[in-house]
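Asks: Structure provided below as structure tokens; questions to follow.
Just so it is clear, none of the values below were taken in a lab; they were calculated from the coordinates. None of the values given here were measured: they were computed from a predicted structure. Note that we place each Cβ from the backbone using ideal geometry, even for glycine, and neighbour counts take in every protein chain shown.
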Amino acid sequence: MIIKKAELETVIGIRSDIPVNELTEFCFAGRSNVGKSSLINSIMQRKSLARTSSEPGKTRTINYYNVNDAFYLVDLPGYGYAKTGRAEAAAWGRMVERYLKYSRTLKYVFLLTDIRHDPPASDIQMYEWILSRGFEPVVIATKLDKIKRSEKDKRLKAIRLGLSMDGNGILIPFSAKTKAGLEEIYALLEE
Ligand SMILES: Nc1nc2c(ncn2[C@@H]2O[C@H](COP(=O)(O)OP(=O)(O)OP(=O)(O)O)[C@@H](O)[C@H]2O)c(=O)[nH]1
Ligand SMILES: [Mg+2]
């Protein structure tokens, strides 16, 4: 994919209305620190347009990145961050719920989970929740570079099982470091 333009166009706070866009949207959900912003940067072929951090809980807004005036990549705030209070977590849930409900052009929901671990309860809940909203999540198993090549198939199987994924469900192993999996993701965006 040739990236001619990549810009942070809209930032939505916890109380803002969900914007009505003409362009197709793709959103990225997952636990804090799983690699959402890193994946978005990889897609945009930018080093640090989407802010990444080793410190979890960095993205606390919904950020819309305009790519080529063709689509938006929507960076959702991460969940499961230990220091987040219950009230804040609830506000987060409502914000993401409103996003899934009111986005008119949302095409795919990408759910990111760390390839090294069996999906935690929060990812299983998120997966089911996305399904209940009428979307079939595209699961991205992140940080592929952190496991041995020989472990890959076993880890993917465990993730599929952990999330009770449909046999036809899309599961793509990805590394922001090596860019493995990026072509498969581009293929989905270009559909
Ligand atoms: N080795 C490796 N590190 C990664 C990969 N993806 C992300 N990271 C690292 O993991 C940390 C978190 O990445 P982010 O992209 O900021 O994660 P996030 O999901 O956006 O986190 P929040 O914004 O807090 O929800 C950073 O230190 C990244 O450099 C990957 O594929 N491989
Ligand atoms: Mg982030």
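Asks: Karplus couplings for region 104-113 from phi (6.51 cos²θ - 1.76 cosθ + 1.60, θ = phi - 60°), rounded to Hz, Gly and Pro as x?
Replies: Once θ is set to phi - 60°, the couplings for region 104-113 become 8, 10, 5, 9, 10, 9, 8, 10, 9, 9 Hz.
Asks: Between beta-carbons, use under 10 Å as the cut-off and find the net charge around Asp166, counting Lys and Arg +1, Asp and Glu -1. Working shown, then result.
Replies: Numbers: positive: Arg160; negative: Glu136.
With Lys, Arg at +1 and Asp, Glu at -1, the net is 0.
Asks: Given +1 on the Cβ of Lys and Arg, -1 on the Cβ of Asp and Glu, and no further charges, what dipole in debye does region 96-191 carry about its Cα centre, rounded to the nearest 20? All intermediate terms of the calculation are to be shown ahead of the outcome.
Replies: Values: 17 positive and 14 negative charges, 64 e Å.
Value, rounded to 20: 300 debye.
Asks: Measure out, as a whole number of angstrom, how far apart the alpha-carbon centroids of region 67-146 and region 16-38 sit.
Replies: Each part reduced to its Cα centre gives a spacing of 8 Å.
Asks: Sorted from largest to smallest, which semi-axis lengths in Å does the alpha carbon gyration tensor of the chain give for its equivalent ellipsoid, taking the root of 5 times each eigenvalue?
Replies: Working: eigenvalues 107, 81, 54 Å².
The answer is 23, 20, 16 Å, longest axis first.
Asks: Ranked by Cβ crowding within 10 angstrom, fewest neighbours first, how are Tyr64, Tyr186 ordered?
Replies: Numbers: Tyr64 20, Tyr186 12.
Going from sparsest to densest Cβ surroundings: Tyr186, Tyr64.
Asks: List every residue whose amide H lies under 5 Å from the amide H of Glu9, counting only residues 5 or more places away in sequence or on a different chain, with H placed 1.01 Å from N in the peptide plane.
Replies: Distant-sequence amide H within range of Glu9: Tyr64, Tyr65, Asn66.
Asks: Under 5 Å between amide hydrogens, which residues at least 5 positions from Ile140 or on another chain qualify, with H placed 1.01 Å from N in the peptide plane?
Replies: Leu111, Leu112, Thr113, Ile172
Asks: Tally Lys and Arg at +1 and Asp and Glu at -1 over the other residues with C-beta under 13 Å from the C-beta of Thr178: what net charge comes out? Mind showing how you got there, number by number?
Replies: Details: positive: Lys143, Lys146, Arg149, Lys152, Lys177, Lys179; negative: Asp145, Glu183.
Counting the neighbours of Thr178, the net charge comes to +4.
Asks: Where the only charges are on Cβ atoms (+1 Lys, Arg; -1 Asp, Glu), what is the dipole of the chain about its Cα centre, to the nearest 20 debye?
Replies: On the way: 30 positive and 23 negative charges, 148 e Å.
Dipole size: approximately 720 debye.
Asks: Please report Leu171, Leu144, Leu73 as a ranked list, fewest other C-beta atoms within 10 angstrom at the top and most at the bottom.
Replies: Numbers: Leu171 17, Leu144 22, Leu73 25.
With the sparsest Cβ surroundings first, the list reads Leu171, Leu144, Leu73.
Asks: So what J values fall out for region 90-99 if you push phi through Karplus, 6.51 cos²θ - 1.76 cosθ + 1.60 with θ = phi - 60°, rounded to Hz, Gly and Pro as x?
Replies: With coefficients 6.51, -1.76 and 1.60, one gets 5, 5, 4, x, 5, 5, 5, 4, 5, 4 Hz.
Asks: Using the count of nearby Cβ atoms within 10 Å as a rough guide to exposure, how do Ser122, Ser37 rank from fewest to most?
Replies: Working: Ser122 15, Ser37 23.
In increasing order of surrounding Cβ atoms, one gets Ser122, Ser37.
Asks: Each residue of region 155-165 in turn: what ³J(HN,Hα) in whole Hz from Karplus with 6.51, -1.76, 1.60 and θ = phi - 60°, glycine and Pro shown as x?
Replies: Computed from phi, the couplings for region 155-165 are 5, 5, 4, 5, 5, 4, 5, x, 8, 6, 6 Hz.
Asks: Let me ask something else about it. Between beta-carbons, use under 10 Å as the cut-off and find the net charge around Tyr64, counting Lys and Arg +1, Asp and Glu -1.
Replies: Working: positive: none; negative: Glu7, Glu9, Glu25, Asp75.
It works out to a net charge of -4.
Asks: Which far-off residues, 5 or more places away or on another chain, put their amide H under 5 Å from the one on Leu106, with H placed in the peptide plane?
Replies: Glu25
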